[in-house]
Structure formats: C-alpha cells, structure tokens
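In what follows, a single structure is set out as structure tokens and then discussed.
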C-alpha cells in the first residue's frame, strides 16, 4: 500500500579525521576534542566536507562512525547536538543526535525513524518532535518546548541508505526491505553506544517512529533482541520498548480501516466522510481486497503482493487517496484539506528548502556530490514496493518482542486515514498472544492532559518469560490529531512519551 509520498541522493565520501577518543559521557563532548562547526556565514560559500572524529568497529573494518559537534544556529535545540554518518561498507547513514535537556547522563536513548518507505527522519525532527522546528520561511529553526529530548537522549537516522542525507556508493543497489535495513541500523547502534558514547551502553533504549515505522520498528526491535542473544559477548543494545505512532503494521487491517473510517463515525468526526453510494462500492470490493492481502501474507511473492495492492487500491483506497493532492483531500487528517502535493503539509517543503541551503549543507559536512536533499526517495519507495515488503504484516515481529519481554505501545491520531485507528485497533485486538483475551475484552478508557480528555487507551501487563516481570502492551488514541501526533498535539504527545518511558500507567 502506498501510504506516504514517495518522492536518491548520490554517492560520495567525506574527508575524515583519525582520532578515536571515546566521547565518554555525552555531557562532556569538549573533553573528547570533537570537531565543531564554525560560523554559518551568509550561505554563498561552496559546500565543503567538515572535519570528523572517526570511531572504527572492533568487529569489521567496513563499519565506522564519523561524527562532529554542531552549533545552536543550525538547530535551536538548547542542548548539545551532533551529526555524522555511519559507514557500512558502501552504505552511509546520516544521523542527528541531541542530548536530553533533563538529565543526559541518566536519561534513556530514544531512536526515531520516519516511515515512507523512503521518507527522511528530518521530517520528524523539524516538523514534529525534534528540539527545534522549521520556521515558516524555511530559512531557520525555532526552539520546540515540546521536543522529545525533554525526556530522553534523542537520535534521528535517515534510513535506509538512499534516504535524505544518507547515500550509497556508485553502483550499489538500493535497499528494498525492512530486514536488511534493520541490520545496517543495528550495526550503527551497537557502535554508537559502545564506542562513540560508551555510557549509553548501560542505558535503556527505546525505538520509536510512525507510519511505515509499523514495519521498521518491530523488525529492528526483533533483530536487536535476536542479535543480543546470538552474540552475547558483543556490545548489547538494552532494548526496553518499541512505540509506534499511526503505524503500518497490517496492510489487510489498514485496508479494512479505510472503509470503517470513511463510512462510520469517528472520534472528532460526527458524520461519515463518504456517502452511501461510495461506501457501497468500497464494501463490494473489500472482501476480494482482504482475501488477496491474506494470500500475500501467506505467500509473500512480489507478484502476488503487487496484485493484492492493485486490487485494494482500485477497489478501496483510491476512492479517497486518489483525491489526496494540493487543494484536495488530506489522507493524513480527514478534517482538513491537503495544502501541498505529496505530504499535504507545507512544513515538508520548508524543511527541504532549509536543508538545501549551501551554508546548512556545509555545516552538516554533506559531501559535495550529494547535490540535493530530498524529503523522500522515489528509488527506495519503488524498491520496497517491488520486493513485497509493503504487503506483509509485522505481527510476527510484534509477537516476538512481547514474548521476549519488550514493551510495545501503539499510539494513534484519530483523524488519520493512511494508517487509521480503526484498522490498527482491529489488528491489535486479533493479535494471537497470551494477552489477547484480556486485551480484546477491555474497552478504551479516557486518559487526560491538563485536566482534559486527550484520548482513550487500553493496556495489559502479561507475564511472558521465566521471571515475574510483566510485559506491557498498550493502545492509545489521541483526540484532535492526524497522522503526525507530535505535530498536531505536542503537549499530550510529550506527556504520553514521558509516562511511557517511566512505565507509568496512562490512567
């Protein structure tokens, strides 16, 4: 299913420094002698690669991280920040890391991945939950008091290679599935916490994201758990939870949710969006769509999954998404129009404008032959579509996480259609695991922000391992929010995150 705009960066190498002094505590970057950017200038200079500190993997000569400290002018974070690349042989993943504004030497590490597939995580950073947000003109940033680094050390990664500022060496194939992408990211995280910021190795680690993050996050989480078990003598990543906003977990249930969202009433929407005629057409085609989606689940051959996608698009999804363009319907919030093509929100264009300025690219150290930053990659999106990755469900990975003692939170903006609440609630209720009976029998109860109902939730705590510890599975909705909860409801979103990281109940 094509859920987000699927708008590659070209390959190059940057000049590297040779020092490999651990950064120790993230709060003491100067002690490591880490290179930092200078004044940002007037934007008329040539883009040049910046100096980096380089950290080499102990297990592979092909894996290293190059990192540099950044200045406040680039992102008004009010906390220490770094950018750089993970070099995994011919693949190079761009990251932007921010220390917590609370207690960086004690707070957990939180990874954010925007979905797509093919969308840049700079979208999440500069439009939603980052320490700074893009200004209306696309020529600077403003501080975000609701940034998620209020509660955690916060890491954004453009992945897979070929997305955003991440790039591939010439001739390398574009990544085409969540599983290969997860291995690259696991290698990055292992090196990041063991060599670059070694004090982070003993901290709790949480994975979050949205949209196609319903594939990215569970797959990465399951990969980390399995790798920790298979390689106990190598640096461990202390994964504690996975939290996904408006995630694309189950294509089958998402398609069903299109009908339910458009043809029944929803929180914040008093009347069905579609009339009876359109709803009847969708209902007529829905059984075949769901049947073919199930065949794709059972036999994830690209041709089978492409056929399922075509049937579901033509019979169900296109009736709304086919009108989601500038001036038309907004599949990310059914209560407002789409302001610009593709992502519907003007901030996406502003982010692209800002990150393509010469002085910004110079400060980031973007290699000269990476000629342009794009908010999303057509090449990656197409590769994923052709591989059948978009057609499969990540329910097996979610089950594996829960059975391994990893907490899982599914949070939903109720006004989203692309990854709708109706579909994900249907999937969550029918997921076959030890907690299914208790979870599915519960009703959604209100949760509050500043004394007002902010949404609804239900959750269970289930003993899944050999210890007395209980694993938490939670489903939470947010009123007045579409696809991007931290953008639409920043206060409730930050409260949700803080409660989750502390393992406080939402009630």
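Give me 335, 80, 467 ranked fewest to most by other Cβ atoms within 10 Å of their Cβ, as a rough exposure proxy.
Exposure proxy ranking, most exposed first: 467, 335, 80.
Considering the convex hull of the alpha carbon atoms of region 421-507, report its projected area averaged over all viewing directions, in nm², one decimal.
6.2
Provide 126, 230 in ascending order of the number of other Cβ atoms located within 10 Å of each residue's Cβ, fewest first.
Ascending Cβ contact count within 10 Å gives the list 230, 126.
Any chance you could run the full-extension gain for residue 434 through residue 62? It's 0.36 nm times the residue separation minus the Cα-Cα distance, nm to one decimal.
129.7 nm
Given that compact globular proteins tend to follow 2.2 N^0.38 Å, what is the ratio of the alpha-carbon Rg of region 70-135 to that value?
Output field value: 1.19.
Using r as the Cβ-Cβ distance of residue 229 and residue 507, and R0 as 30 Å, what FRET efficiency do you calculate, to the nearest 0.05?
Given R0 = 30 Å and the Cβ-Cβ separation, E is 0.30.
Enter the per residue convex hull volume of region 74-186, computed from alpha-carbon coordinates, in Å³ rounded to the nearest integer.
109
Counting other beta carbons within 10 Å of each residue's own, what order do 59, 411 fall into, fewest first?
Sorted ascending by nearby Cβ count, the order is 59, 411.
What whole-number distance in Å separates the alpha-carbon centres of region 144-202 and region 86-118?
Here the answer is 5 Å between Cα centres.
Can you show me the helix-derived [θ] at 222 nm for the chain, built from DSSP H runs with n ≥ 4 at -39,500 (n - 2.57) apiece and divided by the number of residues, rounded to the nearest 500.
Result for the chain: -9000 deg cm²/dmol, rounded to the nearest 500.
By its C-alpha gyration tensor, with a ≥ b ≥ c as the square roots of the eigenvalues, how is region 282-361 shaped: rounded for a/c under 1.5, else prolate for a/b larger than b/c, else oblate?
Oblate, since a/c reaches 1.5 and b/c is not below a/b.
When only C-alpha pairs under 8 Å and at least 6 residues apart count, what is the relative contact order of region 322-462, in percent?
Normalised by residue count, the contact order of region 322-462 is 15 percent.
Please find the FRET efficiency linking residue 143 to residue 466, where r is the Cβ-Cβ separation and R0 is fixed at 45 Å, and quote it to the nearest 0.05.
0.45
May I ask what percent, to the nearest 5, of DSSP beta bridges between residues of the chain are antiparallel?
Bridges in the chain that DSSP calls antiparallel: roughly 60 percent.
Cα centroids of region 260-313 and region 234-253: how far apart, whole angstrom?
Going from one Cα centre to the other spans 25 Å.
May I ask you to derive the relative contact order of region 385-478, considering only C-alpha pairs under 8 Å and at least 6 residues apart, and to give it as an integer percent?
Result for region 385-478 is 33 percent.
Return the equivalent ellipsoid semi-axes of region 159-308 as a descending list in whole Å, where each equals the square root of 5 times an eigenvalue of the C-alpha gyration tensor.
In descending order, the three semi-axes are 38, 20, 15 Å.
Quick one: compute the contact order of region 108-205, relative version, from alpha carbon pairs under 8 angstrom and 6+ residues apart, as a percent.
Computed over region 108-205, the figure is 28 percent.
Computed from the coordinates by the stated procedures, all read-outs in this text should not be read as laboratory data. The shown structure was predicted, so the numbers you read here are calculated from the model rather than taken from an experiment. We place every Cβ from the backbone using ideal geometry, glycine too, and count neighbours over all the protein chains shown.
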